[in-house]
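The values are calculated or read from the model by the stated rules, or taken from the named source; none is laboratory data. Since we're looking at a predicted model, the values are computed, not measured. SASA here: full protein model, heavy atoms, side chains in, ligands and nucleic acids out. Shrake-Rupley method; radii C 1.70, N 1.55, O 1.52, S 1.80 Å.
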Amino acid sequence: MPDPTQRFSNRVADYARWRPSYPAGVVGALCAAGLLGPDKVVADLGAGTGIFTALLLPHAARVFAVEPNAPMRAAAEAMLGGDSRFRSVAGAAEATTLATGSVDLVTVAQAFHWFDVACARAEFRRVLRPGGAVALVWNERLTGASPFLADYEALLLRRATDYAKVNHANIQAQDLAPFFGPGGYVLESFDYRQDFDLAGLTGRLLSSSYAPAAGQPGHEEMLQELGEIFARHQRDGRVAFLYQTKLYWGRLD
């Protein structure tokens, strides 16, 4: 697999604009569990353009947005740099550069499947304070929830370069048991939705690292088929992405 930390360098604008945020219930659940609060320090790993970081900031004393990709990190800094609680960090999940025992909560939104899990787990344990927790979050597109979503999934399987290989759905709940260890984890689920016109749907597709970018083989063909799918399923000029957002949290010690 090409270096995953560089896969999104040419997609930052589409990523920041068209990728989904997360349901308010995710942050609410972390607050209710005592993992977020005005005295808590958070490390948001694989923070990307800061989509999840932005939701954490109002509920923490400080959030370290750790991101190895410079263009994505710059986008997060542009959006969130005015918040005194925000800290941008050039680091990776496996080597955060953060001090030992310096954070109360590690969060990973839509990025854990890119990590070297064993190395990341060791680094999480190093930076967490005693009793600290890890929260993993994914927006899972409900691929069979509508005829449109079924056709969109078929398009990815037919036209996207390595979609089947890098799909985060390859990580199942049972795969997380060894990561969290004997203490186990809590799983909470939330409904979420994005609505798109054709321009938004195109941007959403091109924000994905497996979609051929402009100038790459298959790009024009994929966009043509996307337009056909949109025309077939749109209602009042819109289509909907339906998600189930899953939050897994637990303590590694």
Quiz item: If you roll a 1.4 Å probe over the heavy atoms of the protein chains, what accessible area per residue do you get for the chain, in Å²?
Solution: 43 Å²
Quiz item: For the chain, what is the percent of antiparallel DSSP beta bridges, rounded to the nearest 5?
Solution: 50 percent
Quiz item: From the backbone phi of the range 218-228, what are the Karplus-calculated ³J(HN,Hα) couplings (6.51 cos²θ - 1.76 cosθ + 1.60, θ = phi - 60°) in whole Hz, Gly and Pro given as x?
Solution: x, 4, 5, 5, 5, 5, 4, 5, 4, x, 5
Quiz item: With the chain treated as a Gaussian network of Cα nodes joined by springs under 10 Å, which of Thr53, Thr143, Thr107 yields the largest mean-square fluctuation?
Solution: Thr143
Quiz item: Long-range amide H contacts for Glu140: which residues qualify at under 5 Å (H placed 1.01 Å from N, peptide plane, sequence gap of 5 or more or a different chain)?
Solution: Gln244, Thr245, Lys246
Quiz prompt | Heavy-atom accessible surface of the chain: percent carbon and sulfur, 1.4 Å | solution = 53 percent
Exercise. Compare Val127, Val186, Val89 in a GNM of the chain, Cα atoms joined below 10 Å, and give the one with the largest fluctuation.
Key: Val186
Quiz prompt | Taking the convex hull of Cα positions in the chain, its mean projected area over all directions (nm²) | solution = 13.1 nm²
Self-check item: Solvent accessible area, Å² - Glu220, 1.4 Å probe, full protein context
Solution: 130 Å²
Quiz item: Applying the Karplus parametrisation 6.51 cos²θ - 1.76 cosθ + 1.60 with θ = phi - 60° to the phi angles of the range 76-88, what ³J(HN,Hα) value in whole Hz is obtained for each residue in order, glycine and proline being reported as x?
Solution: 5, 5, 5, 7, 10, x, x, 8, 5, 7, 8, 10, 8
Self-check item: Mean-position separation - Cα centroids, the range 221-252 and the range 71-106, in angstrom
Solution: 29 Å
Practice problem: Return the percentage of antiparallel bridges among DSSP beta bridges fully within the range 15-115, rounded to the nearest 5 %. | Solution: 5 percent
Quiz item: What are the ³J(HN,Hα) values, in whole Hz, obtained from phi via the Karplus relation 6.51 cos²θ - 1.76 cosθ + 1.60 with θ = phi - 60°, for each residue of the range 190-206 in sequence order, with x given for Gly and Pro?
Solution: 9, 8, 8, 8, 10, 10, 10, 8, 5, 5, x, 4, 5, x, 4, 4, 6
